[in-house]
Amino acid sequence: MMNENETIPVKRFRLKFSHVLIILLLIGAGSFALFRIHLKSKLQARIDAIRAAGYPVTRAELDELNKIPGDAENAAYTIMAAFSYYKVCNQIESESLPIVGLAELPPRTEPLAEATMTLAAQYITDNVQALERLHVGAKIKHSRYPVDFRFQMQYLAEMRRAVRLLKLEAVVHAENDNSQLAFRSVMSGFGIARSLAKDPAFVSQIVRFACQAFSVSSLERVINRTELTDEQLVRLSQAVADAQDFSGMSQALIGERCAAISTLKDPTSIELEPVGRDRPHGVVLELYKALGLADMDAIICLDLMSDCVESAQLPLHQRQEVADAIKAKLVSTSKIHILLHELMPGFSNLFTIDLTIFPLLRTAQTALAVQRYRLATGKLPDTLAVLVPAYLDAVPTDPFDGNEIRYKKLEAGFVVYSIGEDLSDDGGTERLPWSKRKGKHNSLNWDVTFIVER
């Protein structure tokens, strides 16, 4: 037996390094798991908030939102059918024709050279089947193009070509003083652009703006070369007013946000070229996703894109300041967010791209009102204020500074203009054509103009 002075021996427990390492790994794994759960929860909260605000968050929801009525005729099918009839320029036509080729269009007050006119008229005749389908498609109210991205790139390129063809047709008819057919060509150009108005993709809206710009320049040429009736001017005014649709770019931002959510939730779906022989991007992206970096990118991206969507509702002249703030946020974000910096740079510019087309549309709208006033009274207005309310509900504002669009009488005719992105009023100075933008002439200040010299 043990006496009361004896102690019970205690076995000492030695904590080995391997045990410490296991404990630290378990703590690290637990912390990382909590971190990933927190990120997932934070991202889902962002997505739920977007959906709660009434916006789509998946491509399926976006597709459902943008459907046209089931029994409605689809302008997209008729317009795309026209592309198969389009006759591409041969070498002579490419070198000699303006608009669809490389030749420069003469100034608005000068006619086409006889040889150019003959060649252009023949080219229009060769493309009559394509043009007739474009005219029909341009009048159809509803439009929905395919959502397949690869096919989208193809038909968007064709649409630019189609509107150039319509502009050439308008020029030829105006040279022949056929105001009705010239009017139809201009209206169809605006109709083709309108068919893209609800396409929820950035590139689609860029093409829509390009088509509108072609149509405005076509309109300017036609007004200078032939006499349009008041009824035709009214219908053109309505087409130009309809083109000033703020929702198009908002639609694009919403659509691109859906695509960003899909991409960042599954970055391995991105098709990228392999990095090296045995290390494809898929492995890198899997690791990127596993570490939670893709979720972190998605959270930052959605916050920035939500700022873009909300700011797209602001008046045009207030958007640039907000765009600059969004760019600053993006620049200040760590470069470790690789996918974010791949996806986001263009988005901060999306809702300011309207500034490239709205000045053109507003100067055109105002010029049409001036022309209607002159047709009715036999003289030009002294100020734009006299056009309200008979010809304009209000004098349109300049998207660049929020002031009224400018107007000035010329020795022959008039100019309506916006001050442009340099924010300098240069008195209605017209931008030089490409062939003359060389050296010091390229840096000369200019305004966004619509000029009628007759």
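The values are calculated or read from the model by the stated rules, or taken from the named source; none is laboratory data. This is a predicted model, so every value here is computed, not measured. FYI the Cβ positions are ideal-geometry reconstructions off the backbone, even for glycines, and counts take in every protein chain you see. Ligands, DNA and RNA are excluded from the accessible area calculation, which covers all protein heavy atoms including side chains. Shrake-Rupley method; radii C 1.70, N 1.55, O 1.52, S 1.80 Å.
Structure data summary
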| item | result |
| --- | --- |
| Test: Ala113 is closer than 21 Å to Ala162 by Cβ, of a type in the set (Gly, Ala, Ser) and modelled with pLDDT of 95 or more | no |
| Tally, over segment 62-94, of residues that are open to solvent by less than 70 Å² (accessible area, probe 1.4 Å), modelled with pLDDT under 90 and in a helix (DSSP H, G or I) | 2 |
| Of residues in segment 45-60 being modelled with pLDDT of 90 or more and assigned to a helix (DSSP H, G or I), the one farthest from Ile300 (Cα to Cα) | Ala52 |
| Residues that are open to solvent by 10 Å² or more (accessible area, probe 1.4 Å) and in a helix (DSSP H, G or I), drawn from segment 289-298 | Lys289, Ala290, Leu293, Met296 |
| Test: residue in segment 129-138 that is surrounded by 13 or more Cβ atoms within 10 Å (Cβ to Cβ) and more than 20 Å from Phe214 (Cα to Cα) | yes |
| Positions within segment 324-344 being touching a Leu at 6+ places or on another chain (Cβ under 9 Å) and assigned to a helix (DSSP H, G or I), in sequence order | Ile326, Lys329, Leu330, Ile338, Leu339, Leu340, His341, Leu343 |
| Residues that are assigned to a helix (DSSP H, G or I), within 26 Å of Leu105 (Cβ to Cβ) and of a type in the set (Val, Ile, Thr), drawn from segment 227-261 | Val240 |
| Selected residue (only one of Pro399, Pro359, Pro433 is buried (at least 22 other Cβ atoms within 10 Å of the Cβ), out of contact with any helix residue (DSSP H, G or I) (no Cβ under 8 Å at 6 or more places or on another chain) and not aromatic (Phe, Trp, Tyr)) | Pro359 |
| Residue in segment 95-112 that is under 30 Å from Arg59 (Cα atoms) and part of a helix (DSSP H, G or I) present | no |
